[in-house]
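**Student:** Okay, here's the structure, questions in a sec.
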Amino acid sequence: MKNILIIDDEINICTLLSKFLGKHGFDVDTTMTGNAALKMMKEKNYDLVLCDYRLKDTDGAQLLQDIHQINPSTIVIIITGYTDVRVAVEMVKNGAYDYLSKPLYPDEILNLVHKAFAHKEAEQERQAVRPVESGSEPEVRETLLSRNQSDKNDKYVYGDSDGAKELFRQIRLVAPTDYSVIIFGETGTGKESVAHLIHHHSKRNQQPFVALDCGSLSKELAASELFGHEKGSFTGAINTKIGAFEQAQGGTLFLDEISNLSYDIQVALLRVLQEKVIRRVGSLKEIPVDVRIIVASNEKLSESVQRGKFREDLFHRFNEFTIYIPPLRERREDLPLFTVAFVNQVEKELDKTCGKISPEVWECFRQYSWPGNIRELKNVIRRACLLTPEMEDITMSALPLEMKESFLQIPDEVPVSGELAILSNDNDLKTVALQAEYNKIINVLKEVKYNKTKAAQVLNIDRKTLYNKLRLLNINY
């Protein structure tokens, strides 16, 4: 029976975890202070410690050192709050196995405990077979993934929010099938990463994954890129070209921004899906293809069908399963996790150690609408780490101008109780303009039933501009 020690100054957490883990075959002890924990560890050998980062008499970093001095083989998992995730990852680098963010979920804790013991056993077996060379440094395990992430050596960050968990649940459900999948989400939400995950968990994962951006293809090049062409089939075709379908043979073909394909190419694509054969441009030979199709769009394909932009029969061919990726502003709980992951990536890219993110920057991150979603967050982190001297805290000065402006403008121009605040006399030109802009946006949103993509089209602005205005005018729909 494995021995587990729980250290947390909240008696309810100690009681809950003790009963839950005890029911699953572990011998569990609890304590509410670090000093008491160290005394218990000197008297009893614990295989694993679940330790809150903030305790009344010490902190997790110091306690981690003390635990490993008493028993270097003890597995330590840190329990951390929302604002301490960055610190928890530093502790992982210093020897903790992993971290858990509050609120805690018993099933996820149990999965992580089992995973930790399995990891330790695998390490012991590996060392028994191949001893560590003298003088070599121990491998540092960098935890970039959330507690619901279980795949070894996985490069993806799944997220902890309800939306992220539902997204991954759907990925795991549809991946083993051969269904065609439509991925719908705003620009920058990670549609290609989701397609990669589906392929990774599918039966085709040992075969090629080929991605093609249909938004960058002209009408003339689309057929060649998709189906290939024969030498001399058109001006400039100096060699035979293998198209995306043949490249992905046996695997997965991901077509991004599918709605941008011309009508003629849509017809040809429909035939390929029906007959499962392709013809290269300039050839009469039919080539059988066995490819799973995943398509993506930043607008609903059903709406493109209604506008006559996309063929309805092709839509139904693709629409065996649809996955929606929520924008970052709808899953703000994931911000710390993504931020930590990107900071670690950038540290490797730049070969430097970035400092902590200041509280003001965290607040700016939480308030910002992130119109560019995860891609924008990654670029912001890369810029901030590059501009900030090594080991110094990342401050507002390292953020892009549009983020600083929106953050600093909010106190002066936030509307009150859903209506535009009149901060000066009625004749003030800026106030009149803001009031008119507010009224126009509200009316358009009501007309399109609060569909922000349609609202941006009606207002003749892009979505990023619309989201900035919604934030500035405190319009929450």
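The values are calculated or read from the model by the stated rules, or taken from the named source; none is laboratory data. Note that the structure is predicted; figures quoted are calculated from it, not measured. When we count neighbours, we look across all protein chains shown, and the Cβ atoms used for this are built from the backbone with ideal geometry, even at glycine. Just so you know, the surface numbers come from the protein's heavy atoms only, side chains and all, with ligands and any DNA or RNA stripped out. Shrake-Rupley method; radii C 1.70, N 1.55, O 1.52, S 1.80 Å.
**Student:** Out of (1) part of a loop (DSSP other than H, G, I, E, B); (2) at pLDDT 90 or above; (3) within 19 Å of Ile183 (Cβ to Cβ), what's the single condition that is false for Asp290?
**Tutor:** (3)
**Student:** Then there's this: Mind listing whichever residues of segment 271-300 are closer than 20 Å to Ser216 by Cβ and open to solvent by 20 Å² or more (accessible area, probe 1.4 Å)?
**Tutor:** Of everything in segment 271-300, those that are closer than 20 Å to Ser216 by Cβ and open to solvent by 20 Å² or more (accessible area, probe 1.4 Å) turn out to be Val281, Asn298, Glu299.
**Student:** Follow-up. Residue under question is Leu38, and the condition is that it be open to solvent by 20 Å² or more (accessible area, probe 1.4 Å), within 19 Å of Met91 (Cβ to Cβ) and aliphatic (A, V, I, L, M); does it hold? Before you say what the answer is, go through the steps one by one.
**Tutor:** On the way: open to solvent by 20 Å² or more (accessible area, probe 1.4 Å): yes; within 19 Å of Met91 (Cβ to Cβ): yes; aliphatic (A, V, I, L, M): yes.
Criteria met by Leu38.
**Student:** Can you tell me how many residues within segment 440-453 are farther than 20 Å from Tyr368 by Cα and touching an Asp or Glu at 6+ places or on another chain (Cβ under 8 Å)?
**Tutor:** 0
**Student:** Only one of Val448, Val444 is open to solvent by 20 Å² or more (accessible area, probe 1.4 Å) and of a type in the set (A, V, I, L, M). Can you tell me which? Before the answer, list the steps.
**Tutor:** Numbers: Val444 fails: open to solvent by 20 Å² or more (accessible area, probe 1.4 Å).
On inspection, the qualifying residue turns out to be Val448.
**Student:** Within segment 302-316, is even one residue open to solvent by less than 60 Å² (accessible area, probe 1.4 Å), part of a loop (DSSP other than H, G, I, E, B) and in the same structural domain as Pro208 (by the TED database)?
**Tutor:** So far as segment 302-316 goes, yes, one or more of its residues are open to solvent by less than 60 Å² (accessible area, probe 1.4 Å), part of a loop (DSSP other than H, G, I, E, B) and in the same structural domain as Pro208 (by the TED database).
**Student:** Please note which helices (runs of 4 or more DSSP H) are completely contained in segment 331-394 and include at least 2 residues that are closer than 23 Å to Phe184 by Cα, charged (D, E, K, R) and out of contact with any Lys or Arg (no Cβ under 6 Å at 6 or more places or on another chain).
**Tutor:** Per the criteria, 373-387.
**Student:** Could you say whether any residue in segment 140-160 is at pLDDT 75 or above, within 21 Å of Asp334 (Cβ to Cβ), surrounded by fewer than 21 Cβ atoms within 10 Å (Cβ to Cβ) and of a type outside the set (D, E, K, R)? Walk me through it before giving the result.
**Tutor:** At the first step, the residues of segment 140-160 found to be at pLDDT 75 or above are 159-160.
Subset that is within 21 Å of Asp334 (Cβ to Cβ): 159-160.
Going one step further and asking which of them are surrounded by fewer than 21 Cβ atoms within 10 Å (Cβ to Cβ), we end up with none.
For segment 140-160, residues at pLDDT 75 or above, within 21 Å of Asp334 (Cβ to Cβ), surrounded by fewer than 21 Cβ atoms within 10 Å (Cβ to Cβ) and of a type outside the set (D, E, K, R): absent.
**Student:** Now, a different point. Answer yes or no as to whether Pro103 is closer than 23 Å to Ser161 by Cα, open to solvent by 60 Å² or more (accessible area, probe 1.4 Å) and not assigned by the TED database to the domain that holds Met391. Quick ask: steps written out before the conclusion?
**Tutor:** Working: closer than 23 Å to Ser161 by Cα: yes; open to solvent by 60 Å² or more (accessible area, probe 1.4 Å): yes; not assigned by the TED database to the domain that holds Met391: yes.
Judged against the criteria, Pro103 is a match.
**Student:** Any chance segment 322-338 includes a residue that's at pLDDT below 90, open to solvent by 30 Å² or more (accessible area, probe 1.4 Å), among the aliphatic types (A, V, I, L, M) and in contact with a helix residue (DSSP H, G or I) (Cβ under 8 Å, 6 or more places away or on another chain)?
**Tutor:** The answer is no; no qualifying residue exists.
**Student:** Here is a check on your reading of the model: is Ala37 aliphatic (A, V, I, L, M), touching a Ser or Thr at 6+ places or on another chain (Cβ under 7 Å) and not assigned by the TED database to the domain that holds Val340?
**Tutor:** Considered against the rule, which asks whether it is aliphatic (A, V, I, L, M), touching a Ser or Thr at 6+ places or on another chain (Cβ under 7 Å) and not assigned by the TED database to the domain that holds Val340, Ala37 comes out as yes.
**Student:** Specify which of the listed residues (Val92, Val87, Val28, Val76) is in contact with a Ser or Thr (Cβ under 6 Å, 6 or more places away or on another chain) and either surrounded by fewer than 17 Cβ atoms within 10 Å (Cβ to Cβ) or closer than 29 Å to Ile357 by Cα (or both). Reasoning before the result, please.
**Tutor:** Values: Val87 fails: in contact with a Ser or Thr (Cβ under 6 Å, 6 or more places away or on another chain); Val28 fails: either surrounded by fewer than 17 Cβ atoms within 10 Å (Cβ to Cβ) or closer than 29 Å to Ile357 by Cα (or both); Val76 fails: in contact with a Ser or Thr (Cβ under 6 Å, 6 or more places away or on another chain).
That would be Val92, the only listed residue that is in contact with a Ser or Thr (Cβ under 6 Å, 6 or more places away or on another chain) and either surrounded by fewer than 17 Cβ atoms within 10 Å (Cβ to Cβ) or closer than 29 Å to Ile357 by Cα (or both).
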